[in-house]
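Each remark here refers to the structure printed beneath this line.
Read-outs: derived from the displayed coordinates by stated rules, not from any lab. Since this is a predicted model, take the numbers as computed values, not measurements. Cβ placement follows ideal geometry from the backbone for every residue including glycine, while neighbour counts extend to all protein chains displayed.
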Amino acid sequence: MSTESALSIRDLRVTFKTLLGNVQAVRGVSLDVQPGEVLGVVGESGSGKSVSFLAVMGLLGRNAVIEGSAKVGDTELVGANQRTLRKVRGNNVAMIFQDPLSALNPVHRVGAQVAEMVLAHHHGMSKDDAAKRAVELLDIVGIPQPEQRARQYAHEFSGGMRQRVMIAMAIANDPKVLIADEPTTALDVTVQAQILEVIDRIRKEMGTAVVLITHDLGVVARMADRVQVMYAGRVVERADVHSLFHQSDHPYTRGLLASQPTLGRERLSPIPGAPPNMLQPPSGCAFRVRCAHAAPECAGDVPELIQVRRTETACVRAQELEALV
Amino acid sequence: MTAPVVEVANLTKEFTVKSSHGLRVIRRTVHAVSDVSLTVPSGKTVGLVGESGSGKTTVGRCILRLIEPTAGSVKFQGTELVGLPAKDLRKLRRSMQIVFQDPYASLDPKMTIGASIAEPLQIQKVEGNHQDRVAELLELVGLAPDHARRFPHEFSGGQRQRVGVARALALNPSFIVLDEPVSALDVSIQAGVVNLLQDLQEQLGLSYLFIAHDLSVVRHISDSVAVMYLGKVVEVGPAEELYSASAHPYTRALLSAVPQADPIVERERQRIMLQGEVPSPINPPSGCRFRTRCPMAQEICSVEEPALIDRGQGHPVACHFAEAVAVTLGSNVSA
Ligand SMILES: Nc1ncnc2c1ncn2[C@@H]1O[C@H](COP(=O)(O)OP(=O)(O)OP(=O)(O)O)[C@@H](O)[C@H]1O
Ligand SMILES: Nc1ncnc2c1ncn2[C@@H]1O[C@H](COP(=O)(O)OP(=O)(O)O)[C@@H](O)[C@H]1O
Ligand code: SF4
Ligand SMILES: [Mg+2]
Ligand SMILES: [Mg+2]
């Protein structure tokens, strides 16, 4: 990589200790995100998208065991103490979620919450300046009449406006990385389009690296420069957005793309079965129990990502299957 | 032309909500559904789309009379349901069912799958062996008969939605309201449930009202589609035509906002960006309810409400400038 990564993750593993046993939610994820790029992260429910990045942010509960490495600049986040994590969160890396209401304080004015975020990392700043900066931030994320709106409470904001407030808080300290976990899933498409535009503008104007977690392949196609597909706690394929959509070599990615509704009324092609139970994920390639191309060798070693045609693919049969596309 | 299963005419539903301002309690009216008419032909699927709060669920619930319409008429196989005595309604209820969005919340966690599916049979006091019927229904929706003894938490989202469908089919209905039946499912699982719904329709001659905000699923499954905005139907038409040649600015904006799973298309297409969000149904805008966000609005739009007019193509549109939409907003770029 020519530039220094904004975020660099190596062999990240997350295991939850539960009464039923160990849930192996993330099983060796490595990735780099460059300044100013959007990395799309897709995969079925439960594939470890959220947990990977919550682990990086130090936001998982105490039953989570985290191994591996996640670096922002020179700062290692895995195993870091709370003080370091607090400093990094909001300052270097910020995260926004699907449900902004639960992240906003209902009894504090919205402007005050944004100002608090500003002050948290600018200790010398006066309260007045922080309040002014808060209004500026609300304006940047496209909230009309930001001065008046700053004096209102979260419940007086619509879903789309709340998500804008979350973005304003997230960018308050000009973070290197913005992790957006399903930021528009709860919103209507017309409002989704507005929020995606805000995120895109921030990336362009501030050079923020964006990790965009979503179920929606359309959102990825629109926003991402590169895409990584997750399955059962691992990255199974990664590529630039065009290659992923048009030259995928992983049977899971291809299945995902093929299962989308078609224009006509012909039958759709679901991926048979359901995602695995992460208490006991299948050996070898976890997708093999649902894969039409599974062969005995798929139960062997867990496949690593290797460059096939235009994508990095974690499938032992990818080279052979390439001929079948 | 097949005879319609459901005919809705001028359906209106208003809710009264109370809010307290100091000592005063203020009552306000939510105009959830206003003067909606639509027809579901026998054996066909009518899609109902629109953003959240546009009134889709309320229309579905009014049709089944799960809630009482404020005004208007709902005919089921020719029988007027509005005002029908409870005892007659109960008989008809067998023929009309509903499947909800949330496969997690819609099943009782303490009941076995078999008991959940058999519940409507018991409520309606259907004779015969319920266990056999449950086994038959499970097979019909692609599950195994021995699943009957298991509990909801042992099932995935897609399987639970299949159970929801089996339950809805228990009484041999002819019409089902599918209220966002696949919205909570991953696309790879959703495809299987959509196939199932289409197969069942063919096998059993069912008619569907398919409610969804996902326009691409609706396009795939529907024969015709009605688009709602803030309690009103703004456009109705054959599915293909609506997507390829819609004549309402809102439908166009909605279609252009849906991201498509193709990076080339996504990066080249023109979008109609709507400003702001849907206004409150407590105080909908005068004239055309869409005018506050409409890129084509003129003075007349705030004064006069556009009627839903069929301009001769079997494709009614409620816009003063329907004829100009294609020219002003360009050719359709659809989901
Ligand atoms: N606190 C927890 N304790 C135990 N298991 C957990 C916990 N949080 C998550 N998991 C499990 O970890 C796995 C990964 O979950 P994660 O939330 O990352 O999925 P996701 O890919 O974000 O899915 P979705 O698309 O539904 O948001 C799942 O099997 C989930 O059940
Ligand atoms: N029981 C109720 N009391 C008050 N308002 C309601 C009630 N049910 C629905 N509404 C309102 O009616 C409007 C239409 O809602 P709904 O039919 O659920 O929309 P959709 O299904 O299209 O999202 C919304 O503004 C909603 O808040
Ligand atoms: S009637 Fe006017 S405001 Fe309504 S959709 Fe047509 S042009 Fe827009
Ligand atoms: Mg998640
Ligand atoms: Mg609804």
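Remarks
- Relative contact order of segment A:1-139, defined on C-alpha pairs under 8 angstrom at six or more residues apart (%): 20 percent
- Separation of the A:Glu205 and B:Glu268 label points, Cα + 7 Å toward Cβ, nm: 3.0 nm
- Peptide A:238-247 shows a mean partner chain C-beta count of 2 within 10 Å per residue C-beta.
- In Hz, Karplus ³J(HN,Hα) per residue of segment B:84-100 (6.51, -1.76, 1.60; θ = phi - 60°; x = Gly, Pro): 5, x, 3, 5, 6, 4, 4, 4, 5, 4, 3, 7, 10, 10, 9, 10, 8
- As a proxy for reagent exposure, ranking A:His121, A:His108 by other Cβ atoms within 10 Å from fewest up yields A:His108, A:His121.
- Value of D in µm² per second that Stokes-Einstein yields for the protein assembly as shown, Kirkwood Rh from Cα pairs, at 4 °C (1.567 mPa s): 48 µm²/s
- Span from the segment B:19-65 Cα centroid across to the segment B:95-166 one, whole angstrom: 28 Å
- Overall form of segment B:246-335 per C-alpha gyration tensor (a/c, 1.5; a/b vs b/c): oblate
- Per residue of A:42-51, other chain Cβ atoms within 10 Å of the residue Cβ number 2 on average.
- Cβ-based net charge around A:Val93, under 11 Å, with every Lys or Arg adding one and every Asp or Glu removing one: +4
- Residue-averaged [θ]222 nm for chain A, counting only DSSP H segments that reach four residues, each worth -39500 (n - 2.57): -9500 deg cm²/dmol
- Overall, the anisotropy analysis places segment A:242-321 in the oblate class: the square-rooted eigenvalues a ≥ b ≥ c of its C-alpha gyration tensor yield a/c not less than 1.5, with a/b not exceeding b/c.
- For chain B, the longest site-free run once GluC sites (Glu not before Pro) in DSSP loop states with at most 14 other Cβ atoms within 10 Å are removed: B:128-303
- Exposure proxy order (Cβ contacts within 10 Å, fewest to most) of B:His147, B:His21, B:His130, A:His250: B:His21, B:His130, B:His147, A:His250
- Average partner coverage of A:309-321, which counts Cβ from other chains inside 10 Å: 0
- Selected from B:Met111, A:Ala286, B:Leu140, residue furthest toward positive end of dipole (the protein assembly as shown; charges at beta carbon): B:Met111
- In straight-distance terms, cross-link reach from A:Lys127 covers every one of the aspartates and glutamates whose alpha-carbon lies under 15 Å from its own, apart from those fewer than eight places away in the same chain; here that gives A:Glu116, A:Glu136.
- Listed pairs B:Lys13/B:Lys75; B:Lys13/B:Lys232; B:Lys56/B:Lys232; A:Lys49/A:Lys204 exceeding 18 Å between Cα atoms: A:Lys49/A:Lys204
- Alpha-carbon centroid distance for the pair segment A:277-320 / segment A:11-90, whole angstrom: 23 Å
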